[in-house]
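Worksheet: one structure, shown below.
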Amino acid sequence: MSIKPLIILPDPILRQVSKPVERVDGDLRKLADDMLETMYDAPGIGLAAIQVGEPRRLLVIDLAKEGEPPAPHVFINPEILESSDQRSVYEEGCLSIPDYYAEVERPAAVRVKYLDRDGKLQEMQAEGLMATCLQHEIDHLNGVLFIDHISKLKRDMVVRKFKKLAKDKAPGKMVG
Ligand code: GNR
Ligand code: NI
C-alpha cells in the first residue's frame with residue numbers, strides 16, 4: 001500500500017470526466033487500497049480516484065468516527081438511481097481544496113448502484129452524511145467540485161486564492 005499525492009485546485013485534472021472501470025482486478029483493488037490509505041492519512045471521509053490523478057470511476061468512503069473500527073467502502077462505476085425531493089445542508093470540505101469549508105444543499109437521500117471491490121453489483125439507500133459524501137464523490141467523477149454548488153462570488157474568491165497559492169509555490173518564483 002502507498003500514500004499518493006493529492007491533486008489540488010486549480011489543477012485542471014480535477015475537471016476531467018473519469019472513465020468507467022472495465023475490469024475489477026488486482027490492479028484496481030490496489031488503487032482502491034492506496035486511495036483508502038491516502039484518505040486515512042489526510043485524514044478525510046471520502047476520496048475519488050481523480051484526486052490522486054487517476055481518471056477512473058472509483059471512489060472510497062469511510063464514515064467511522066475516531067475510536068470506532070474502520071468501515072471502508074469501495075464504490076466502482078457508481079450511479080445515482082434516485083434522489084429524494086427533500087434536501088439537506090452540510091458544511092462540506094474537500095481534500096483537493098484544503099482548509100476551505102462551505103455549506104452545500106443537496107438531496108437528503110440517494111439510491112446508488114455500483115460494483116463493490118469484488119466486482120459484485122450492489123445497491124445502497126443512503127441518507128445523512130453518507131448521501132452527501134456519495135454525491136460529493138460522484139461529482140468528482142464528473143469533474144464537478146463542491147464549490148460549483150456555492151455562489152459565484154464565493155467560488156471566484158476561493159479559486160483566486162488557490163491560483164495565487166499555486167503561483168507562489170511554483171518553482172522559479174523565489175526572486176523578489
Ligand atoms: O473529507 C471530506 N469531508 C467531507 C465533509 C463533508 C462533505 C464531503 C466531504 S468529502 C471530503 C473528502 C474529499 O474531498 N472527498 O472528495
Ligand atoms: Ni472532494
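Taken together, the values in this text are just the output of simple stated rules run on the coordinates, not laboratory data. Since this is a predicted model, take the numbers as computed values, not measurements. Here Cβ is always computed from backbone atoms with ideal geometry, including for glycine, and neighbour counts include all displayed protein chains.
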Those residues of region 106-127 which are within 16 Å of ligand 1 (Cβ to nearest atom) and assigned to a loop (DSSP other than H, G, I, E, B), in sequence order: Ala108
Total residues in region 71-97, condition more than 10 Å from ligand 1 (Cβ to nearest atom) and either charged (D, E, K, R) or in contact (Cβ under 8 Å) with a residue 12 or more places away in the chain (or both): 18
Hey, Leu129 in contact (Cβ under 8 Å) with a residue 60 or more places away in the chain, under 16 Å from the mean Cα position of the chain (by Cα) and at negative phi or not: yes
Test: residue in region 118-134 that is surrounded by 18 or more Cβ atoms within 10 Å (Cβ to Cβ) and over 25 Å from Val21 (Cβ atoms): no
Some residue of region 149-172 being within 23 Å of Ser18 (Cα to Cα), assigned to a strand (DSSP E or B) and in contact (Cβ under 8 Å) with a residue 24 or more places away in the chain: no
Region 1-23, subset out of contact with any Pro (no Cβ under 9 Å at 6 or more places or on another chain) and assigned to a helix (DSSP H, G or I), residue nearest to Val74 (Cα to Cα): Leu14
